[in-house]
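First up is the structure itself, then whatever we jot down about it.
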Amino acid sequence: MVRLPLAEAERLAARALEAAGASPAMACSTAAALVAAEAEGQGGHGLSRIAQYAGFLREGRADGAAVPRVAREKGGAALVDAGNGLAFPALDLAERQAETRARAHGVSFVAVTNSHHAGAMALPVRRLAEAGLVALAFTNSPYAMPVPGGKRPLLGTNPVAAAFPRREAAPLVVDLALSEVARGKIMVAAKEGRLIPEGWALDSAGRPTTDPKAALDGAMLAMGGTKGAALALVVEILCVALGGAAFGFEADSFFAPSPNPPRLGHALLAVDPGALAGTDAFLDRMEALVAAMLGDEGVRLPGSRRDALREAAARDGIPVPDALLSHA
């Protein structure tokens, strides 16, 4: 494993995806997202996904020739059809639509349907916040968690991300899966042969487990128990029922061979602060909140660790696996 500049890592990742059947545009968009996630310390959603995505393309589970399009639109709302391709080209289009429509209407909601895995949901919301908008993002995923009160997995881990602009500072960014931990962390533990803490997941018989492979065959535990499961249900409805995508229980697991496209859904909500109290008033209120937070010793602003890692990666590059180097 060697450390490479971000642009070189993107080039290698794009080449590997193209070799597996992705169009140049899809490969470049996906590579940029995976490298950005890696640079922010999100290894479970970074370069470790290259081999998995390549498998999806070769199996026909993702259409490498798909071109996302706006399928329906009305005012501040739009539906983007990903065409069963990898998620990131569709998310790029959804992000552009969300910004344009929020500026025109004050608020926008863009749903994405017929899409694929999208773990790094902080990326589009941070860019929207850097453009001055408040942004939230949601995605569903294949079944992994029970519904409130249930035992068998029906819902995905259903990440939620939000970003809020600040005055002359990096946006405040929140990004979390609604499972006790992100599924990607269990995937990395399984790959590295490490145990996971009890309380993260159940095995296929519904028993607590510390074996990451058993966890991947079983069910994730929701963050905060029933309350977290209820929030995951909300995300499932926002991402699926509004856009016509597939529910988590209708999508085959990403960790088993399957020819079936997952047809997952994502959603972006963007708000122009200028349409409400006003941009200056919003930024003043944000800085008052941040000052109060930082006045409590030990508080670290959400997203600040990622900001520091991203700056370091831009300067020093990121570690690239030997398998990816073989595409150089």
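The values are calculated or read from the model by the stated rules, or taken from the named source; none is laboratory data. Everything numeric here is computed off the predicted structure, so don't read it as measured data. Note that we place each Cβ from the backbone using ideal geometry, even for glycine, and neighbour counts take in every protein chain shown. Just the protein is used for accessible areas: all its heavy atoms, side chains included, with ligands, DNA and RNA removed. Shrake-Rupley method; radii C 1.70, N 1.55, O 1.52, S 1.80 Å.
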Check your understanding: If you go through region 245-258 one residue at a time, do you hit one that is small (Gly, Ala, Ser), modelled with pLDDT of 95 or more, out of contact with any Leu (no Cβ under 7 Å at 6 or more places or on another chain) and surrounded by fewer than 20 Cβ atoms within 10 Å (Cβ to Cβ)?
Key -> no
Check: Do we find that Ala27 is open to solvent by less than 10 Å² (accessible area, probe 1.4 Å) and free of Cβ contacts under 8 Å to residues at least 40 places away in the same chain in this structure?
Finding: yes
Checked region 191-221 for anything open to solvent by less than 20 Å² (accessible area, probe 1.4 Å), small (Gly, Ala, Ser) and not in a loop (DSSP other than H, G, I, E, B); matches are Ala201, Ala215, Ala219
- Kindly check whether there is at least one residue in region 26-43 that is outside any helix (DSSP H, G or I) and over 28 Å from Val181 (Cα atoms). no
Across (1) closer than 30 Å to Ala169 by Cβ; (2) in a helix (DSSP H, G or I), Ala267 clears everything bar (2)
In the set Ala323, Ala241, Ala267, Ala308, the lone residue that is open to solvent by 30 Å² or more (accessible area, probe 1.4 Å) and within 30 Å of Gly106 (Cβ to Cβ) is Ala241
Residues of region 44-56 being in contact with a strand residue (DSSP E or B) (Cβ under 9 Å, 6 or more places away or on another chain) and either assigned to a helix (DSSP H, G or I) or open to solvent by 40 Å² or more (accessible area, probe 1.4 Å) (or both), in sequence order, are Leu47
If we ask which residues in region 285-295 are without any contact (Cβ under 8 Å) to a residue 40 or more places away in the chain and over 27 Å from Pro159 (Cβ atoms), their number turns out to be 4
Counting only residues that are open to solvent by 30 Å² or more (accessible area, probe 1.4 Å) and more than 21 Å from Glu40 (Cα to Cα), region 3-19 contains a total of 3
The residue that is modelled with the highest pLDDT, considering only those in region 288-305 that are closer than 30 Å to Leu6 by Cβ, open to solvent by less than 90 Å² (accessible area, probe 1.4 Å) and assigned to a helix (DSSP H, G or I), is Val290
Of the residues in region 164-190, those that are crowded, with 21+ Cβ neighbours inside 10 Å and in a helix (DSSP H, G or I) number 5
